[in-house]
1. I need the full set of residues from the stretch 37-53 which are assigned to a helix (DSSP H, G or I) and within 10 Å of the chain's Cα centre (by Cα), in order please.
2. Need pairs with beta-carbon distance below 8 Å; first residue closer than 17 Å to Asp20 by Cα and within the stretch 46-75, second of a type in the set (Phe, Trp, Tyr) and outside any helix (DSSP H, G or I); sequence gap 6+ or separate chains.
3. Across the stretch 22-58, what is the total count of residues that are in contact with a strand residue (DSSP E or B) (Cβ under 7 Å, 6 or more places away or on another chain) and of a type outside the set (Lys, Arg)?
4. Let me spell it out: the conditions are (1) over 12 Å from the mean Cα position of the chain (by Cα); (2) farther than 24 Å from Asp72 by Cβ; (3) not acidic (Asp, Glu), and Arg32 meets all of them except one. Which number is the exception?
5. Scanning the stretch 43-53 for residues that are surrounded by 11 or more Cβ atoms within 10 Å (Cβ to Cβ) and not β-branched (Val, Ile, Thr), which turns out modelled with the lowest pLDDT?
6. Would the stretch 3-10 turn up any residue that is open to solvent by 100 Å² or more (accessible area, probe 1.4 Å) and part of a strand (DSSP E or B)?
7. Counting only residues that are assigned to a helix (DSSP H, G or I) and surrounded by fewer than 14 Cβ atoms within 10 Å (Cβ to Cβ), how many does the stretch 19-36 have?
Amino acid sequence: MNSNNKKPLPHAVTKSELVDMYCDQFSETKIRKQINEILKEKNISKDTKIVPHLEFMEFVETYGLPKGYYLDDSS
C-alpha cells in the first residue's frame, strides 16, 4: 500500500491509456465497451479519444483503481 512506488491517477486519460492501465485486469474489448457506455450515458460521442475527468472517475469507481496507481487526495 506504499504510494512511493505507485503513480498518481491522472486527471483524464485517452482511451488507449485507459486500456493500458487496466489491460492486466480486463480485456481491451470490455474496457472499451464499458467506457463507451459511460460516455453514451453522458451524451458524449464514443468517437472522442479523451475520456473526461468525471467519466474517468465513474469508470474507476465501478472497476477500482488500476494496479500501480493511487488516488491523490491532495487536489
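The values are calculated or read from the model by the stated rules, or taken from the named source; none is laboratory data. This is a predicted model, so every value here is computed, not measured. Note: ideal-geometry Cβ built from the backbone for every residue, glycine included; neighbour counts use all protein chains shown. What goes into the accessible areas is simple: the full protein's heavy atoms, side chains included, and nothing from ligands, DNA or RNA. Shrake-Rupley method; radii C 1.70, N 1.55, O 1.52, S 1.80 Å.
1. Restricting attention to the stretch 37-53, the residues satisfying the condition of being assigned to a helix (DSSP H, G or I) are 37-41, 53.
Of everything in the stretch 37-53, just one residue is assigned to a helix (DSSP H, G or I) and within 10 Å of the chain's Cα centre (by Cα), namely His53.
2. Tyr63/Phe26
3. Quick first cut of the stretch 22-58, residues in contact with a strand residue (DSSP E or B) (Cβ under 7 Å, 6 or more places away or on another chain) only: 35, 49-51, 56.
Next, from what is left, pick out any that are of a type outside the set (Lys, Arg): 35, 50-51, 56.
Number of matching residues: 4.
4. (1)
5. Among those residues, the one meeting the criterion is Lys46.
6. Scanning the stretch 3-10, I find at least one residue that is open to solvent by 100 Å² or more (accessible area, probe 1.4 Å) and part of a strand (DSSP E or B), so the answer is yes.
7. Count: 3.
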